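Remarks on the structure that follows.
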Amino acid sequence: MAHAHAHNFESNSKKLYIAIIINVILTLFQIVGGIMAGSLSLLADALHNFSDAGAIIIAVIARRIGNKPASSRMTFGYKRAEIIGTLINSVSLIAVGIYLIAESIDRYFNPQPVDGWIVFAVAGIALIIDIATALLTYSSGAKDNLNIRAAFIHNVSDAMASVAVIIAGILIIYFQWYVVDLITTAIISVYVIYHGAILLRKAILILMEATPEEIDIDTIKAAVCKLEPIKSMEHVHVWEISDKRYMFTANLILVDKDQSEAALRLVKRCLATEFNIEHTTLEVIDKIQDNGQCA
């Protein structure tokens, strides 16, 4: 089983390395094309592509660090490296988005001609590559890993951005509407900032050890208190070490303290099967110290 997991990890990592190389080459291609065409939207797409490469690099490094075993110093292991990677990535996305909006405003007041044919050709090639890298990223574990899912979202959004740049190129070719280049840049930038903000919020909540959004403590209390040996549960804490890896602590008050072992087994089974919480620390206490009485 461990050998199969390691083989799967290496296979997924190779796909991500290919995606990184493709994105870096595409970024350089778009920068050259953007400079030649005088197109800010191509440069915006190039920066977005570069952030895609950065996102995948962070995902690969964080996943490798996260797979290191726990130690006496790092007792929870290194999984939180993935969240730190997400934090860095989201901040960089927001910074790039703000920079591009500032540049598009400056270009609006200082307009420059744009070569629509170069914009159209480069964006068309970028669209094909964006779709390919999105498929590579998705098949490398996007369902199970926050950083890789973030990288996949970047690639999909970049494909959408490339479509917008293609449309801008067509409008410039036929109507010389150079302002469309700036509008496209602003739209891409707002989209980048939006997704960056979502990722930033998620990373901060995990680092602050907030209760995961998909878990409701009152629902957990209700489920546990339905178990026959349980009288009440208090001092409940749920947090994430990394994406979907939950930790749980609570105090239990039993109807009969002699049933402690059976009660602990029942609660642990309930938390694992109903709420996907497998790492639990439970303590049986004598009396209610807080508002832990079951409804």
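When the residues of segment 122-134 are filtered to those that are at pLDDT below 90 and of a type outside the set (A, V, I, L, M, F, W, C), which remaining residue is surrounded by the most Cβ atoms within 10 Å (Cβ to Cβ)?
Filtering first and then ranking leaves 133.
I need the full set of residues from segment 232-249 which are surrounded by fewer than 16 Cβ atoms within 10 Å (Cβ to Cβ) and either farther than 28 Å from residue 83 by Cβ or charged (D, E, K, R) (or both), in order please.
244
Would you point out the residue of segment 79-121, among those that are surrounded by 20 or more Cβ atoms within 10 Å (Cβ to Cβ) and in a loop (DSSP other than H, G, I, E, B), that is nearest to the chain's Cα centre (by Cα)?
The extreme case among them is 79.
Could you list, in sequence order, the residues of segment 20-53 that are of a type in the set (Gly, Ala, Ser) and either farther than 21 Å from residue 195 by Cα or modelled with pLDDT of 80 or more (or both)?
Hits for segment 20-53 are 33, 34, 37, 38, 39, 41, 44, 46.
The values are calculated or read from the model by the stated rules, or taken from the named source; none is laboratory data. Everything numeric in this text was worked out from a predicted model, so none of it was measured. Positions of Cβ are generated from backbone atoms using ideal geometry, with glycine treated the same way; all protein chains shown enter the neighbour counts.
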